[in-house]
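One structure below.
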Amino acid sequence: MLYSAFEFGYAAMTPARLAAGFGAKFWRSPSNPLADTWVARASAAALDIFENATRRYPKPEWDLTSVTIDGKPVSVSIETALSKPFCELLHFRKTASPANGDPGPAVLIIAPMSGHYATLLRGTVEAMLPAHDVYVTDWANARNVPVSAGRFDLNDFVDYLIEFLQFIGPGAHAMAVCQPGPALLAAAAVMAENEDPCRPSSMTIMGSPIDARRSPTVPNLLAQERSFEWFERNMIYTTPAPYAGVMRRVYPGFVQLYSFLSMNQDRHLNAHYDYFNHLVEGDGDSAEKHRKFYDEYLSVIDLTEEFYLQTIREVFQEFSLAEGDFMHRGARVKPEAISDIALMTVEGENDDISGIGQTQAAHDLCVNIPPSMKVDHIQPGVGHYGVFNGSRWRTEIQPRVASFIREHNRAATLARAAE
């Protein structure tokens, strides 16, 4: 019922939303003699905020058409390398290679499937592009996937990662941002145990709940305080018509969004108050920066019921990977099987989603990776988002990740060649 009520509310607000849009244009119109007055600017700003708060936010564009390499612009095209019902593997192909023709080590960037589109990693991809051949998982909005496509759970997620790495081929590197850390570790363990030649040369896990018991945050505590049945009863709804996934049971993106907004409501209210003042004052640059952030932040996707609930149970309640009990296709996942995949973990000092130590736990599980192939980095002064986006990511974290990949790209190539 909640999903249908949400859709009904959106439809009911359409006339007011359209009126607000026209009203803002009226107050800003050059033909309006009052356009330069405070009343006109304030009225237009208020109507803008109302329109933005009630409209639907579509999937954002990547807007990555070129990258600078050695001081020269190089064009980039985004291609669908592999298409699956619940994900497209995107390849950011540099159409004009650098002077030596080498696009760099192949890197699979695994976007979180936690309510936002993969475009949330635009800054991550942009920083990695100059020196790497970048692939990204672009997860589908579950409400747009027909029921006939079947189910998709955490084990399917692991299978997708294995298939993507096999598609890219031997020697690739993998980078998991936030939620997919446990899935990447499981995929690497399965591939290592099977001696899969396409197992990654390295894996970088960033701000991820490998063991959510360490330094628990508000979301971690909520998952532990509530019963599994509570999440099943209160967080899962049926996709209504006219979406292609009608009748699919999902965890709606708008529920996740409102949860995150409520965690930091003062911050978001202040941001919109500042946005109002920027519009009134004519500070176009600051207003545009606000719009770009919220166009991305308010664009959300639904998750399948089975993926969401299994993640709650396995990752945040039973800690099955950390406990050595996570099962994949009838067999226990064995992180100890990993011996020749380099491991780097990255955490933010002020992360309020995945606390300090949760990602580091990967090192304790991968007991057979040599110390020389392990790196742990805690970035001072950043929160969850700052681990993979922003100035600290570009200037401090990404150079460390790139250096780690370069080092183990050479080592892995030599080791695999000797097999």
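General remarks:
- Given (1) assigned by TED's automatic domain parsing to the domain that holds GLY383; (2) under 30 Å from ASP36 (Cα atoms), index of the condition ASP285 fails: (1)
- Scanning the range 53-89 for residues that are under 19 Å from the mean Cα position of the chain (by Cα) and outside any strand (DSSP E or B) yields TYR57, PRO58, LYS59, PRO60, GLU61, TRP62, ASP63, LEU64, PRO85, PHE86.
- In the range 199-229, the residues that are touching a helix residue (DSSP H, G or I) at 6+ places or on another chain (Cβ under 8 Å) and in a loop (DSSP other than H, G, I, E, B): ARG199, PRO200, SER201, GLY207, SER208, PRO209, ILE210, ASP211, ALA212, ARG213, ARG214, PRO216
- Of the residues examined, GLU229 is one that is acidic (Asp, Glu), surrounded by fewer than 24 Cβ atoms within 10 Å (Cβ to Cβ) and outside the structural domain of MET327 (by TED's automatic domain parsing).
- Tally, over the range 130-146, of residues that are within 17 Å of the chain's Cα centre (by Cα) and either over 16 Å from LEU90 (Cα atoms) or buried (at least 21 other Cβ atoms within 10 Å of the Cβ) (or both): 7
- Residue pairs meeting the criteria (Cβ under 8 Å; at least 6 apart or on separate chains; first within 16 Å of PHE167 (Cα to Cα), in the range 190-205; second among the hydroxyl-bearing types (Ser, Thr, Tyr)): SER201/THR413
- Among the residues here, ILE397 qualifies as among the β-branched types (Val, Ile, Thr), assigned by TED's automatic domain parsing to the domain that holds ARG199, touching a residue at least 12 places away in the same chain (Cβ under 8 Å) and assigned to a helix (DSSP H, G or I).
- When LEU34 is tested against (1) surrounded by fewer than 19 Cβ atoms within 10 Å (Cβ to Cβ); (2) touching a residue at least 40 places away in the same chain (Cβ under 8 Å); (3) out of contact with any Leu (no Cβ under 7 Å at 6 or more places or on another chain), just one condition goes unmet, and that condition is (2).
- Residue ID - nearest to TYR297 (Cα to Cα), chosen from residues in the range 62-79 that are surrounded by fewer than 11 Cβ atoms within 10 Å (Cβ to Cβ) and in contact (Cβ under 8 Å) with a residue 40 or more places away in the chain: ASP63
- Within the range 354-404, if we keep just the residues that are closer than 20 Å to ARG122 by Cα and β-branched (Val, Ile, Thr), the residue that is surrounded by the fewest Cβ atoms within 10 Å (Cβ to Cβ) turns out to be THR395.
- Test: residue in the range 90-102 that is closer than 22 Å to TRP393 by Cβ and either among the β-branched types (Val, Ile, Thr) or part of a loop (DSSP other than H, G, I, E, B) (or both): no
- Odd one out for VAL107 among (1) in a loop (DSSP other than H, G, I, E, B); (2) in contact with a strand residue (DSSP E or B) (Cβ under 7 Å, 6 or more places away or on another chain): (1)
- If only residues of the range 113-157 that are part of a helix (DSSP H, G or I) and of a type in the set (Val, Ile, Thr) are counted, the one that is nearest to PHE388 (Cα to Cα) is THR124.
The values are calculated or read from the model by the stated rules, or taken from the named source; none is laboratory data. Since the structure is predicted, the reported quantities are computational estimates derived from the model, not experimental observations. A quick note on method: Cβ atoms are made from the backbone with ideal geometry, for glycine too, and the neighbour counts reach across all protein chains shown.
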